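K.L.:
Quick one: the structure is below, questions incoming.
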Amino acid sequence: MKYSIIFFPLLVVAINTFGQTKQDSLEIKQATLDYIESQHTPNPKQMERALHPRMVKRTFWKDKETGKDYVRETSTESMVILAESYNKKKDKFPAVPKKEIKFLDISDRTASVKLIADEWIDYIHIVKLNGAWKIINVLWQYNDSERHK
């Protein structure tokens, strides 16, 4: 009994210190939405808000001449430029784009989410630095991997 009186308050403190909060979950979701929605409605500032300056986005691709697979990388700078220009004509997404977010794992300062968009999926790592959740890594693929050519 004496030990449970000591243990229980320590457990409560540990949960509050090391677990994510509801606010963290909302901010992680918002970073993910900023990432995809900045492409729906061209908005480079929204993309920049979502991404860490050293974010790297990767996918696999197949070289048409050699038939060999390789990894393609995109930087934060490229994604901000993409968000400014990709969908200017409003022809890259359906009228109501799909943006399903699945939380895979959340810790006090790191999170993994899966974004299921219209024609692709993104596995996203998000980190909390200086009180803000920022996307640090993205691994994506088309739903139809044959499109990676």
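K.L.:
Can you tell me which residue within region 104-147, out of those that are surrounded by 15 or more Cβ atoms within 10 Å (Cβ to Cβ) and among the basic types (Lys, Arg), is farthest from residue 22 (Cα to Cα)?
P.N.:
134
K.L.:
Would you point out the residue of region 50-90, among those that are touching a strand residue (DSSP E or B) at 6+ places or on another chain (Cβ under 6 Å) and among the β-branched types (Val, Ile, Thr), that is nearest to residue 33 (Cα to Cα)?
P.N.:
Looking at the filtered set, the residue picked out is 76.
K.L.:
Can you tell me which residue in region 46-97 is modelled with the highest pLDDT, limited to those that are of a type in the set (Phe, Trp, Tyr) and in contact with a helix residue (DSSP H, G or I) (Cβ under 9 Å, 6 or more places away or on another chain)?
P.N.:
Filtering first and then ranking leaves 60.
K.L.:
Within region 39-95, take every residue that is aliphatic (A, V, I, L, M) and not in a helix (DSSP H, G or I) and give me the one that is farthest from residue 133 (Cα to Cα).
P.N.:
95
K.L.:
What are the residue pairs meeting all of these: first residue in region 95-111, first residue touching a residue at least 60 places away in the same chain (Cβ under 8 Å) and on the phi < 0 side of the Ramachandran plot, second residue basic (Lys, Arg) and outside any loop (DSSP other than H, G, I, E, B), Cβ atoms under 7 Å, and 6 or more apart or on different chains?
P.N.:
Within 7 Å, the pairs are 101/29.
K.L.:
Now for a separate question. Please go through region 35-77 and pick out each residue that is free of Cβ contacts under 8 Å to residues at least 24 places away in the same chain, surrounded by fewer than 13 Cβ atoms within 10 Å (Cβ to Cβ) and over 22 Å from residue 146 (Cβ atoms).
P.N.:
Those that are free of Cβ contacts under 8 Å to residues at least 24 places away in the same chain, surrounded by fewer than 13 Cβ atoms within 10 Å (Cβ to Cβ) and over 22 Å from residue 146 (Cβ atoms): 45, 53, 77.
The values are calculated or read from the model by the stated rules, or taken from the named source; none is laboratory data. Remember, predicted model here, so these are calculated numbers, not experimental data. Cβ coordinates were reconstructed from backbone atoms using ideal geometry, including for glycine residues, and neighbour counts include every protein chain displayed.
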